[in-house]
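Notes for the one structure printed next.
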Amino acid sequence: MTTATAPPTPAAGPDGSRLTVPVRIRRWLYPLVVALILGQMAVAMVTAAVQQTPTIDEPVYVATAVWQVQEHSLRYNPEHPPLGKLLIGAGLAFSGAEIDPGFQGDQTALGRHLLYESGYDAWRLMLLARLPVIVLTLLFGLVVLAFARDVAGPLGGLVALALYAFSPDVIAHGSLATLDMPTVGFLLTSVWLVWRARQRPWLYVPLAALALGAGLATKMSALPLVPVLLLLVVLSVWSAGGRSWRAAAWGVGAAAGAAVIAVAVVWVSYLAVDPRLGWVPPPDVPASGGLRGLVAGLLPLPEAYRDGMRIQFGFEDGRWSGYLFGEVFTGGRWYYLPAALLVKSPLGAMALWFAGSVTLLAVPRLRPAAPYLLVPTGVLLAVAMTGTRSFGTRYALVVPVFLAVAAAAVLVVRWRWARVGAGLLVLFVAVSSLRAFPYYLPYSNEAFGGPARTHEHLHDSNVDWGQDLGRLADRLRARYAGERIWLVYKGSGVPSWYGITASDPLAVPAGEVRGLLVVSDSSIAKATGPLAELIRTSEPIDSVGHSITIYRR
């Protein structure tokens with residue numbers, strides 16, 4: 001018996017004749033395009049990882065990763081579960097990095113001790129720590145591709161992957177040894193697997209539960225998705241079973257099983273660090289009352305996890321200052337994250353997110369996918385909007401990741417210009433992203449002036465997270481050798497380690513501050529009193545990485 005070969009796809013030539021694309025070429029073209037899209041993303045992330053000095057949070061995670069493996073202790077950074085730091089630690093496995101077992105400082109001092117006081121090469125350690133997150137981010141790109149293919153077909157998969165791979169926020173945080181991108185990636189994976197459970201529930205529900213558990217074991221911000229995902233499990237099993245009452249009962253059972261598996265993953269992550277779970281609560285764990293305290297007390301999770309929740313609740317009760325569109329404020333503002341996303345998301349991506357979301361709701365055959373893509377996005381964004389820490393769009397990475405998949409729905413619309421319009425918008429996103437290379441952290445779209453003007457609208461991890469200390473050292477050596485440096489730096493790096501010799505301009509009378517005044521843009525945004533006066537009476541002459549401004553006095 002011979003197998004018939006599918007005929008080549010015909011295409012029209014310039015003279016109206018029919019051309020054919022050989023099957024062999026078509027077979028390789030799709031994976032080649034996928035490889036090119038992910039390849040440029042890999043180049044962008046590795047370049048950022050090589051060039052950027054530690055951001056504010058990274059030294060804590062990196063040092064805690066080493067401490068967890070070396071001492072089998074949960075002592076440091078209890079406000080975050082251990083899995084993400086174990087993944088970061090995988091990159092450091094062969095670095096030879098060790099920490100003095102007798103070290104007694106806090107977690108901030110621990111990070112500084114490892115990177116700058118132990119004789120190691122901070123550049124090398126940070127690159128090794130960032131590599132596992134880079135690899136994970138690339139793998140999550142394949143999840144985006146697969147999810148979008150399931151919903152909107154092969155071309156939709158490419159559109160979704162391109163939006164994901166060219167997203168400045170995804171590139172920026174996918175190249176750092178932090179927990180935000182791994183958490184969102186695990187959650188996307190869990191939702192995709194639950195979506196697939198509509199066909200094979202007994203295969204995909206357990207896998208989805210493992211991915212959900214990984215998200216919970218990486219960062220506690222994944223907790224609000226638990227009830228949503230369990231309801232989606234019920235929906236998937238019910239759909240797979242013919243939408244009967246019996247199928248609904250099986251769905252409830254499957255959701256209960258998924259919850260058990262997810263909880264087990266969290267327990268395993270803690271046991272992997274300390275098999276004896278010799279957790280000693282730090283003395284400053286805040287007491288949590290009301291509903292939050294009740295939830296933290298009842299969850300069947302390790303005591304260290306529940307104490308970490310209480311620490312996070314304490315952070316949320318704090319009075320943090322924020323900066324938005326030129327205004328400094330105290331406490332959270334519900335519209336901060338939507339406004340920040342408006343500034344930092346590519347214009348073409350936002351257009352496709354909106355169009356794709358509308359299409360999911362409007363087209364009957366796509367409507368079943370809407371709860372899986374739009375509800376998790378809406379719930380996680382809504383919860384993040386209630387927070388008091390207005391520090392950046394990293395708290396809302398669920399939006400560019402999940403809505404990249406939703407945007408693929410546009411390709412299903414039977415309108416002759418839909419695909420052309422989608423292609424042009426994807427091209428616009430790509431150009432906007434490539435123009436920002438390699439400064440992805442301070443990216444803002446063209447409507448807000450691009451990366452050079454982001455600091456006028458936002459602060460902290462939106463712009464200036466301490467990532468440009470090494471670039472500042474290079475700039476000072478190249479252009480301003482021998483000049484007196486006065487530095488106000490917001491970050492966790494140690495300027496002297498990078499060869500920067502500088503004084504504190506706030507420690508002397510303003511009249512003595514002569515030479516170069518170097519100020520992190522987040523400090524400029526919130527400047528008051530003597531610093532504000534120093535800035536007012538100085539002339540800006542240079543900028544480093546769109547996050548540090550150099551003034552002449």
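The values are calculated or read from the model by the stated rules, or taken from the named source; none is laboratory data. What you see is a predicted model; the values in this text were computed from it and never measured. As a convention, Cβ positions derive from the backbone with ideal geometry for all residues, glycine included, and neighbour counts pool all protein chains shown. Surface areas here come from the heavy atoms of the whole protein model, side chains and all, with no ligands, DNA or RNA. Shrake-Rupley method; radii C 1.70, N 1.55, O 1.52, S 1.80 Å.
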**Message:** Just to verify a result, which residue in the stretch 169-202, among those that are among the β-branched types (Val, Ile, Thr) and more than 30 Å from Asp468 (Cα to Cα), is surrounded by the fewest Cβ atoms within 10 Å (Cβ to Cβ)?
**Reply:** Thr189
**Residue that is farthest from the chain's Cα centre (by Cα), among those in the stretch 206-222 that are aliphatic (A, V, I, L, M) and open to solvent by 40 Å² or more (accessible area, probe 1.4 Å)** = Leu207
**Fill in**
Those residues of the stretch 270-314 which are under 18 Å from Gln68 (Cβ atoms) and assigned to a helix (DSSP H, G or I) amount to Tyr270, Leu271, Ala272, Val273, Glu303, Ala304, Tyr305, Asp307, Gly308, Ile311
**Prompt:** Is it true that some residue in the stretch 499-512 is small (Gly, Ala, Ser) and within 28 Å of Tyr61 (Cα to Cα)?
**Reply:** yes
**Complete:** Those residues of the stretch 304-322 that are closer than 30 Å to His457 by Cα, of a type outside the set (A, V, I, L, M, F, W, C) and open to solvent by 40 Å² or more (accessible area, probe 1.4 Å) come to a total of 4
**Message:** Is it the case, given these coordinates, that Leu361 is open to solvent by 70 Å² or more (accessible area, probe 1.4 Å) and among the hydrophobic types (A, V, I, L, M, F, W, C)?
**Reply:** yes
**Request:** Would you check if Leu506 is of a type in the set (A, V, I, L, M), part of a strand (DSSP E or B) and touching a residue at least 24 places away in the same chain (Cβ under 8 Å)?
**Result:** no
**Message:** What's the total number of residues in the stretch 167-206 that are among the small types (Gly, Ala, Ser) and under 18 Å from Lys219 (Cα atoms)?
**Reply:** 5
**Request:** Check Val513, Val508 and return the single one that is among the β-branched types (Val, Ile, Thr), buried (at least 16 other Cβ atoms within 10 Å of the Cβ) and over 33 Å from the mean Cα position of the chain (by Cα).
**Result:** Val513
**Complete:** Pairs returned, first residue in the stretch 448-463 that is outside any helix (DSSP H, G or I) and open to solvent by 10 Å² or more (accessible area, probe 1.4 Å), second residue that is at pLDDT below 95 and not β-branched (Val, Ile, Thr), beta-carbon separation under 8 angstrom, 6 or more apart or interchain, are His457/Gly326
**Asked** Are there any pairs with C-beta distances below 9 angstrom linking a residue in the stretch 480-491 that is open to solvent by 60 Å² or more (accessible area, probe 1.4 Å) to a residue that is modelled with pLDDT of 95 or more and part of a strand (DSSP E or B), with the two at least 6 apart or on different chains, and if so which?
**Response** Glu483/Leu516; Arg484/Ser503; Arg484/Leu516
**Message:** Residues that are of a type in the set (Lys, Arg), within 25 Å of Ala109 (Cβ to Cβ) and in contact with a Phe, Trp or Tyr (Cβ under 9 Å, 6 or more places away or on another chain): does the stretch 484-502 have at least one?
**Reply:** yes
**Item:** For Thr501: the one exception among (1) assigned to a helix (DSSP H, G or I); (2) closer than 27 Å to Val50 by Cα
**Value:** (1)
**Complete:** Per the filter on the stretch 264-298, residues open to solvent by 40 Å² or more (accessible area, probe 1.4 Å), among the aliphatic types (A, V, I, L, M) and at pLDDT 95 or above are Ala264, Val268, Leu271, Ala272
**Message:** What are the pairs with Cβ atoms under 7 angstrom where one residue, in the stretch 273-295, is of a type outside the set (A, V, I, L, M) and the other, located anywhere, is outside any helix (DSSP H, G or I) and open to solvent by 90 Å² or more (accessible area, probe 1.4 Å)? Sequence gap at least six, or different chains.
**Reply:** Asp274/His72
**Request:** Among the residues of the stretch 121-162, write down those that are touching a helix residue (DSSP H, G or I) at 6+ places or on another chain (Cβ under 7 Å), within 26 Å of Arg75 (Cβ to Cβ) and open to solvent by 60 Å² or more (accessible area, probe 1.4 Å).
**Result:** Leu131
**Count of residues meeting criterion [under 13 Å from Phe402 (Cβ atoms) and within 9 Å of the chain's Cα centre (by Cα)] in the stretch 134-180** = 2
**Prompt:** Is it true that some residue in the stretch 422-443 is more than 19 Å from the chain's Cα centre (by Cα), farther than 22 Å from Ala532 by Cβ and outside any helix (DSSP H, G or I)?
**Reply:** no
**Complete:** Taking the stretch 516-530 and keeping only residues that are over 21 Å from Ser461 (Cβ atoms) and either open to solvent by 30 Å² or more (accessible area, probe 1.4 Å) or of a type in the set (S, T, N, Q) (or both), one is left with Thr528, Gly529, Pro530
**Message:** Considering only the stretch 363-371, I want to know if a residue exists there that is assigned to a helix (DSSP H, G or I), within 21 Å of Leu441 (Cα to Cα) and not polar (S, T, N, Q).
**Reply:** no
**Asked** Only one of these conditions is not met by Arg416: (1) free of Cβ contacts under 8 Å to residues at least 40 places away in the same chain; (2) surrounded by 15 or more Cβ atoms within 10 Å (Cβ to Cβ); (3) in a loop (DSSP other than H, G, I, E, B). Which number is it?
**Response** (2)
